[in-house]
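Report on the structure given below.
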Amino acid sequence: MKVLLTGAAGRLGSVTCQALVDAGHEVRGVDRRYNKDLPIRIDVADLRDRNAPYALLQGVDAVVHLANHPHAGAGDAQTVFNENITMNFNLFEAAHQMGIAKLVFASTVQVIAGDRGTDESAPSQLPYLPLDSAVPANPRNYYAQSKHFSELLLEGYARRGLTATAVRFPAIIRPEYLPRLRAPSHKTLMRTVFDDAFMWLAVSDAAQFIVAILAAPLQGFHIYLPAAPTPATDMPVSEIIERFLPGVPLRKPINELHSLVDISAITRDTGWTPRVTLEEIAPVASSAR
């Protein structure tokens, strides 16, 4: 399959590029900056230009779209929201016009996290636990709103024939930072937003999930919430719920909950499960000392 990978020079993009090549795909990369270390050629282009996607999409079968401002702190509200929407709409519309078969879009867990933020005393806004891919949107900020609005755009294109998947990625952790998830001083790595539910995903697993989506016989529109099964803390799941998420309706008795996220639908649809878990990080942390 010939795949256009946007944001190919970025943190997730560069790992996804290698994963796609290893899976046998022919990859064309695009980014606003060049990266000479990738196994493919990078076209330097700006997706804010409405005409840019057409040349990039020539001969392409599928698109993996990672190119956006990466968080709310990447600029002021107008810049992040307007430019994300512009990039996404330009690419979605061009892909639709050119008959692209599949599109995978990198959304964010912030779409469901609400605005509770760091206030431990505030009630959680999560609708239930364990979380899954069906959690309704409750975007936290203008960055999350740009992603949610883009999900709605993409769903519309799926009704017109595009097979489209929005992935609400949690915190993407690079290998060099994985041991810190076990370090005592890093027990509350995800505390900045309690309603992110301490979710995380190794960058290698995020890339492999994208590969799995492209290989799966999906049709129509899908939203997925992938995460490692173990929260980004040594704290037991029951303690996390009692301390940070009290009052959130539980779909299982608390003593039966071993994870705050249920990825069974993802595994059923794509065959993917994460390979890097918190338990597997402990030996890495020990050897690093």
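Before moving on, here are some points about what is shown:
- Residue in the range 96-105 that is within 30 Å of Val248 (Cα to Cα) and touching a strand residue (DSSP E or B) at 6+ places or on another chain (Cβ under 6 Å) present: yes
- Asn82 being open to solvent by less than 60 Å² (accessible area, probe 1.4 Å) and in contact with a helix residue (DSSP H, G or I) (Cβ under 9 Å, 6 or more places away or on another chain): no
- Checked against the criterion of being closer than 22 Å to Ser238 by Cβ and open to solvent by 10 Å² or more (accessible area, probe 1.4 Å), the candidates Ala101, Ala158, Ala113, Ala122 yield just one match: Ala122.
- Where strands (runs of 3 or more DSSP E) fall wholly inside the range 18-65, the ranges with 1 or more residues that are at pLDDT 95 or above and open to solvent by 60 Å² or more (accessible area, probe 1.4 Å) are 26-31, 42-44.
The values are calculated or read from the model by the stated rules, or taken from the named source; none is laboratory data. Because the structure is a prediction, the values reported are computed rather than measured. A quick note on method: Cβ atoms are made from the backbone with ideal geometry, for glycine too, and the neighbour counts reach across all protein chains shown. All accessible areas refer to the heavy atoms of the entire protein, side chains included, with ligands and DNA or RNA removed. Shrake-Rupley method; radii C 1.70, N 1.55, O 1.52, S 1.80 Å.
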